[in-house]
Amino acid sequence: MSLTSAATLATLDRTGPRRITDLAAVEGVTQPAMTALVRVMEESGLVERRGDASDRRVTLVCLTEAGASYVRTRRQAGVHAFERLIGGLTGDEVEALVAALPALKHLAELESQDREGPKQ
């Protein structure tokens, strides 16, 4: 799976259903490229398109259960990888990481806000 596909699934998991144009902007690709990507992920059963009840002209891309499962599995694999890496650090290095967590969390929040823009 491409990084853009994985990032798109993660965005849908975090933010809920989105328009293709919104997803394209968040992921930094063109709208036609996102349309093609959504089509492939739809054929793979990871996403589905649904109408927007508040505006019948709008189609939203939604994560399916298979897509949500993929995101959870990928995140868990990342957690296990970090656990292994952190296990190789000294006590002082672990303490330094713990002390840096508030700043790292803030950076992640800033990045998320920057990437996602306004929510639907």
- Query: Mind checking whether some residue in the range 70-80 is open to solvent by less than 70 Å² (accessible area, probe 1.4 Å), in contact with a helix residue (DSSP H, G or I) (Cβ under 6 Å, 6 or more places away or on another chain) and of a type in the set (A, V, I, L, M)?
  - Reply: yes
- Task: Mind counting the residues in the range 49-63 that are more than 25 Å from D114 (Cα to Cα) and either hydrophobic (A, V, I, L, M, F, W, C) or buried (at least 17 other Cβ atoms within 10 Å of the Cβ) (or both)?
- Result: 1
- Query: In this structure, is V38 closer than 17 Å to V58 by Cβ, modelled with pLDDT under 95 and buried (at least 18 other Cβ atoms within 10 Å of the Cβ)?
  - Reply: no
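For the range 1-14, give me each residue that is open to solvent by 30 Å² or more (accessible area, probe 1.4 Å) and more than 8 Å from the chain's Cα centre (by Cα). Full working, then the answer.
Start the filter on the range 1-14 by keeping residues that are open to solvent by 30 Å² or more (accessible area, probe 1.4 Å), which leaves 1-4, 13-14.
Matches in the range 1-14: M1, S2, L3, T4.
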- Only residues that are more than 15 Å from Q113 (Cβ to Cβ) and in contact with a strand residue (DSSP E or B) (Cβ under 8 Å, 6 or more places away or on another chain): list them for the range 20-37, please. I20, L23
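How many residues does the range 65-82 hold that are touching a Gly at 6+ places or on another chain (Cβ under 8 Å) and free of Cβ contacts under 8 Å to residues at least 40 places away in the same chain? Give the steps one after another, and end with the answer.
Taking the range 65-82 and keeping what is touching a Gly at 6+ places or on another chain (Cβ under 8 Å), we get 66-67.
Filter again for free of Cβ contacts under 8 Å to residues at least 40 places away in the same chain, leaving 66.
Residues flagged as touching a Gly at 6+ places or on another chain (Cβ under 8 Å) and free of Cβ contacts under 8 Å to residues at least 40 places away in the same chain within the range 65-82 amount to 1.
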- So which of L46, L23 ends up being in contact with a Phe, Trp or Tyr (Cβ under 7 Å, 6 or more places away or on another chain), among the hydrophobic types (A, V, I, L, M, F, W, C) and surrounded by 14 or more Cβ atoms within 10 Å (Cβ to Cβ)? L46
- Task: Determine which single condition P17 fails, assuming it passes every other condition in (1) in contact with a strand residue (DSSP E or B) (Cβ under 6 Å, 6 or more places away or on another chain); (2) open to solvent by less than 30 Å² (accessible area, probe 1.4 Å).
- Result: (2)
- Item | Of residues in the range 97-118 being among the charged types (D, E, K, R) and under 14 Å from the mean Cα position of the chain (by Cα), the one modelled with the highest pLDDT | E109
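The values are calculated or read from the model by the stated rules, or taken from the named source; none is laboratory data. Because the structure is a prediction, the values reported are computed rather than measured. When we count neighbours, we look across all protein chains shown, and the Cβ atoms used for this are built from the backbone with ideal geometry, even at glycine. The area values use the complete protein model at the heavy-atom level, side chains included, leaving out ligands, DNA and RNA. Shrake-Rupley method; radii C 1.70, N 1.55, O 1.52, S 1.80 Å.
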